[in-house]
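Here the structure is laid out as structure tokens; the discussion comes afterwards.
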Amino acid sequence: MRNKTSPGEYLAFLSTKYEVDADSLFHALISAEENRKSKCGNLSIECRGKQRNKIILLITKDSKVVAQFPVSREFLLEQNNPIKDAQKADVLCRHLMKKDKEPHSFQIKDLRIGMKKVSLKAEVIEIAKPMLVFTRFGNYATVTNALIADKTGQIKLCLWNEQIDSISIGETIQIENASISTFRGERQLRIGKKGILHRVESMIAN
């Protein structure tokens, strides 16, 4: 869970995507734990099981699975709606980004799914073995994930082709004009065609 999206962030994302009220969604989760099933707008929520202090929730729409994940009972007992808190943080970040169209410098702990024009400095911790994939554009490409970190957290960085050989483990890198997406429940940093990736001296000055 060290670099995965938090339950509050992920549920805030679902609330926005499926246009359901954050308070209604939070109460529906509580109801699902108590009654095994509940409804929230166009979403159906079902408690599929319990593991120690966690419950397994299944969210569907029109019989199609939207998500299945564990949520702690402490999360459901929070007085302030953690989904709404995550939405407020995301809205604030988006507002700050819209005020200035230049890339913004962030710490990893502040990154939220959907952010664009993100700039940050981090150290390369791991680089997975590259894989050859056939892309939707009809050509082959090499892709891998690097794990990068700053003093506030860690995140995976998706690298393609020549980007892979441009960094090494232990180096400090500067990333500019990147975006934050999600893959298999994890936040992921992506550098598009307009993004920039280069080495810098160290994390000490960060």
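Quick notes on this structure:
- Considering only residues in segment 175-197 that are touching a strand residue (DSSP E or B) at 6+ places or on another chain (Cβ under 7 Å), more than 24 Å from Lys17 (Cβ to Cβ) and charged (D, E, K, R), the one that is surrounded by the fewest Cβ atoms within 10 Å (Cβ to Cβ) turns out to be Lys194.
Yes/no per residue for (1) of a type in the set (Gly, Ala, Ser); (2) crowded, with 16+ Cβ neighbours inside 10 Å; (3) in a strand (DSSP E or B):
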{"residue": "Arg112", "(1), (2), (3)": "no, yes, no"}
{"residue": "Met115", "(1), (2), (3)": "no, yes, no"}
{"residue": "Lys129", "(1), (2), (3)": "no, no, no"}
{"residue": "Asn145", "(1), (2), (3)": "no, yes, yes"}
{"residue": "Gln154", "(1), (2), (3)": "no, yes, yes"}
{"residue": "Gly170", "(1), (2), (3)": "yes, no, no"}
{"residue": "Ile173", "(1), (2), (3)": "no, yes, yes"}
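- Remark: pairs (first residue in segment 180-203, within 19 Å of Val124 (Cα to Cα); second residue among the aromatic types (Phe, Trp, Tyr); Cβ separation under 9 Å; 6+ apart in sequence or on different chains) = Ile191/Trp160.
- Ser63 passes every criterion in (1) surrounded by fewer than 15 Cβ atoms within 10 Å (Cβ to Cβ); (2) of a type in the set (S, T, N, Q); (3) on the phi < 0 side of the Ramachandran plot apart from (3).
- Checking each residue in segment 39-72 for being of a type in the set (S, T, N, Q) and in contact with a strand residue (DSSP E or B) (Cβ under 6 Å, 6 or more places away or on another chain) picks out Asn42, Ser44, Asn53, Thr60, Gln68, Ser72.
- Candidate set from segment 62-106 (those that are modelled with pLDDT under 70 and touching a Ser or Thr at 6+ places or on another chain (Cβ under 9 Å)); member that is nearest to Gly195 (Cα to Cα): Pro103
- The residue of segment 148-166 that is nearest to Lys129 (Cα to Cα), among those that are of a type in the set (Gly, Ala, Ser) and under 16 Å from the mean Cα position of the chain (by Cα), is Ala149.
- Subset of segment 33-77 [more than 22 Å from the chain's Cα centre (by Cα) and among the acidic types (Asp, Glu)]: Glu33, Glu34, Glu46, Asp62
- Considering residues of segment 1-35 that are touching an Asp or Glu at 6+ places or on another chain (Cβ under 9 Å) and farther than 16 Å from Val71 by Cβ only, the residue modelled with the lowest pLDDT: Asn3
- Pairs with Cβ under 9 Å, 6+ apart, first in segment 26-37 and in a helix (DSSP H, G or I), second surrounded by fewer than 21 Cβ atoms within 10 Å (Cβ to Cβ) and among the aromatic types (Phe, Trp, Tyr): Leu29/Phe75
- Reported count of residues in segment 22-36, each being surrounded by fewer than 15 Cβ atoms within 10 Å (Cβ to Cβ) and either on the phi > 0 side of the Ramachandran plot or charged (D, E, K, R) (or both), is 3.
The values are calculated or read from the model by the stated rules, or taken from the named source; none is laboratory data. Since this is a predicted model, take the numbers as computed values, not measurements. Using ideal geometry, Cβ is built from the backbone for each residue, glycine included, and neighbour counts are taken over all protein chains shown.
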